[in-house]
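Let me begin by presenting the structure, written as structure tokens, before commenting on it.
The values are calculated or read from the model by the stated rules, or taken from the named source; none is laboratory data. Remember, predicted model here, so these are calculated numbers, not experimental data. Note that each Cβ is placed from the backbone with ideal geometry, even for glycine, and that neighbours are counted across all protein chains shown.
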Amino acid sequence: MAGLPQYYYRIRDNGALVFRVDTENRQRRIEMEQIAVVNLNRDEIKPQGDDPLTDTDLAEIRRWMLSRKALLAMRDIDDIHRAVDHLNATTQWAQSKATDDQLEEVTDALLLAMHDLRSVLVRKKADRVIKPTG
């Protein structure tokens, strides 16, 4: 069973469960032993089981954590770009296709959400403009 990774990460909300993958057994079965729990929000690696994590384990888990954080950050900004696209599509829909009943159904919620977003964006923009450099 060549080609399988040495570690498997079962993704969960704030990180992952880390398993060591073993195919070097008499039955030639894939065995996975949980060795750690990772919390990305706290940058924590908690060993599981009786054996301590090796330096190799820790290095690989830390590498995965960096890679995972980069992927999640990329997804976050992609989601925001999609939200901008959705706002543009919503504007076009409201302008050209929406019925009065449909507009009545969504107008208040959209106005409140856009007001909230605008308030946050304006405040954050002002913070960046007045922030001292250096």
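The figures follow:
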| item | result |
| --- | --- |
| Any hit, the range 66-73, residues being surrounded by 12 or more Cβ atoms within 10 Å (Cβ to Cβ) and over 30 Å from residue 112 (Cα atoms) | yes |
| Single match in 56, 133, 99 (criterion: under 26 Å from residue 3 (Cα atoms) and exposed (fewer than 11 other Cβ atoms within 10 Å of the Cβ)) | 56 |
| Flag for residue 110 being surrounded by 10 or more Cβ atoms within 10 Å (Cβ to Cβ), over 30 Å from residue 15 (Cβ atoms) and either under 21 Å from the mean Cα position of the chain (by Cα) or in contact (Cβ under 8 Å) with a residue 12 or more places away in the chain (or both) | yes |
| Test result for residue 44, assigned by TED's automatic domain parsing to the domain that holds residue 56, under 16 Å from residue 59 (Cα atoms), among the acidic types (Asp, Glu) and surrounded by 12 or more Cβ atoms within 10 Å (Cβ to Cβ) | yes |
| Hey, residue 11 exposed (fewer than 13 other Cβ atoms within 10 Å of the Cβ), more than 30 Å from residue 121 (Cβ to Cβ) and in contact with a Ser or Thr (Cβ under 7 Å, 6 or more places away or on another chain) or not | no |
| Residues being farther than 15 Å from residue 66 by Cα and aromatic (Phe, Trp, Tyr) - total across the range 8-53 | 2 |
